[in-house]
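Notes follow once the structure below has been shown.
The values are calculated or read from the model by the stated rules, or taken from the named source; none is laboratory data. Given the structure is predicted, the values throughout are model-derived calculations rather than measurements. All Cβ positions, even for glycine, are placed from backbone atoms using ideal geometry, and neighbour counts span all protein chains on display. Please note that ligands, DNA and RNA were not included when accessible areas were found on the heavy atoms of the full protein model with its side chains. Shrake-Rupley method; radii C 1.70, N 1.55, O 1.52, S 1.80 Å.
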Amino acid sequence: MIRFEHVTKRYADGTTAVDGLSFEVAEGELVTLVGPSGCGKTTTMKMVNRLTEPTEGRIFLDGDDISTIDPVRLRRRIGYVIQQVGLFPHRTVLENTATVPHLLGWKRAKARARAAELLDLVGLDPSVHGGRYPEQLSGGQRQRVGVARALAADPPVLLMDEPFGAVDPVVREHLQNEFLKLQEQVRKTILFVTHDIEEAVRLGDRIAVYGQGSIEQFDTPAAVLGAPANAYVADFVGADRALKRLAVTPVEASDLDHPPVVRLDDPLSGAADRLRAEAARWAVVLDGDGRPHGWLTADDAPTGSKGTVRDRTRRMEASLPLGAPLKQALAALLQHDAGWIAVTDGADGSGRYLGVLTPARLHEALRRSIGADGRSVPRAEVAVESAAGVTGTATG
Ligand code: ADP
Ligand code: MG
């Protein structure tokens, strides 16, 4: 979708801001450009929408050499969000959001309807915030308006230059999470500039780590953290890169243990026999829909017990979806006393049981994450065992 071919930018004063840059961004991909101040990130962005021209090399958008496209037309295909947002102070939030549709000559009603739709999408109520002026908003709300405005004409490409740089860390994390959800819906091709490696890792499908005017490594977050290309990248991502990596390494089906499984409505005596036959100290209890409900210990089910499993089950509400990051798994294990956490095939509370993650297996997964060649398994390729296949399988 966006392709740089040997692009160099030397400013009039002789500063080489970008030197022989080549990379490609796929359609629907979010690439973060990360590096220290002055390394050429903003220059890279400005060349994409022709706010500045390369000295050498070519840039392609969807196969077209952008130097052959009229800049005004080019910019209609590209939304641009900057740190200073740049909202017009004397226009309302709704009018600000409708700026580009207006420029494109949309009818007023259509432009305003689109703006309202976009405000809603970024989590602002158009009937509450639409009539306000920028100074009446918080920093985080202004950033959202900036994103809404950039999306208003539905451009396939977004350039975002430190869009969340001016807000405090708590608001920033919130905006990042919302932005990721938004991107799942709109699937734009995005170049996102940040100087914050945490932000780059959290948001990027891939990360371009900038040195001085050139890219030192261009790869997935897991690869950059797991196998830095050189000492510069290793230093930039930080000594705690192994810990950061936990945030981008998913729990896989092969990390799970499979203790005995019983159902809430099973007779207790049968469950007791199963536990003894399998020499297991406890079993996972599932509800009628195959969702994890709790656990039952051997002591809770002495031989000859009356009633059903339901009478003796200890409730265990915590569960994780398969593919959740190891960091989340570690946090969940630390938070719950059971010493294990159920893993399901869907979001918390709604998924069917697949197996359990124990501290020992988590430890193995952590070692794997840190020691691996840097390529974690893409989520879609993580094998999902069916709940039926797991039921009744004994632990080793
Ligand atoms: P970043 O966004 O990574 O902080 P920039 O792309 O803004 O970096 O700047 C890269 C280098 O180019 C810096 O050394 C900066 O001082 C220089 N630079 C940026 N804009 C200009 C300009 N208009 N004229 C001269 N030098 C510039
Ligand atoms: Mg910059």
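Assorted remarks:
- Helices (runs of 4 or more DSSP H) completely within the stretch 136-217 that count 3 or more residues being within 16 Å of ligand 1 (Cβ to nearest atom): 197-203
- Residue match in the stretch 171-180 (condition: farther than 24 Å from Met47 by Cβ and modelled with pLDDT of 85 or more): yes
- Candidate set from the stretch 53-77 (those that are in contact with a His (Cβ under 8 Å, 6 or more places away or on another chain) and open to solvent by 70 Å² or more (accessible area, probe 1.4 Å)); member that is nearest to ligand 1 (Cβ to nearest atom): Glu56
- Of the criteria (1) touching a helix residue (DSSP H, G or I) at 6+ places or on another chain (Cβ under 7 Å); (2) without any contact (Cβ under 8 Å) to a residue 24 or more places away in the chain; (3) within 30 Å of Arg10 (Cα to Cα), which one Ser67 fails: (1)
- Which numbered condition Leu61 fails, given (1) within 32 Å of the chain's Cα centre (by Cα); (2) at pLDDT below 90: (2)
Here's the yes/no breakdown for (1) modelled with pLDDT under 95; (2) assigned by TED's automatic domain parsing to the domain that holds Pro134; (3) crowded, with 18+ Cβ neighbours inside 10 Å; (4) not in a loop (DSSP other than H, G, I, E, B):
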| position | (1), (2), (3), (4) |
| --- | --- |
| Ser22 | no, yes, no, yes |
| Thr32 | no, yes, yes, yes |
| Leu51 | yes, yes, no, no |
| Gly79 | yes, yes, yes, yes |
| Val85 | yes, yes, yes, no |
| Asn96 | yes, yes, yes, yes |
| Val100 | yes, yes, yes, yes |
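- Cβ separations smaller than 6 Å between residues 6+ apart or across chains give the following pairs from the stretch 9-24 residues that are away from ligand 2 (no atom under 16 Å from the Cβ) to residues that are polar (S, T, N, Q) and in a strand (DSSP E or B): Arg10/Thr16; Asp19/Thr8; Gly20/Thr8.
- Options Leu87, Leu61; residue that is more than 16 Å from ligand 2 (Cβ to nearest atom), under 30 Å from Gly140 (Cβ atoms) and touching a Leu at 6+ places or on another chain (Cβ under 9 Å): Leu87
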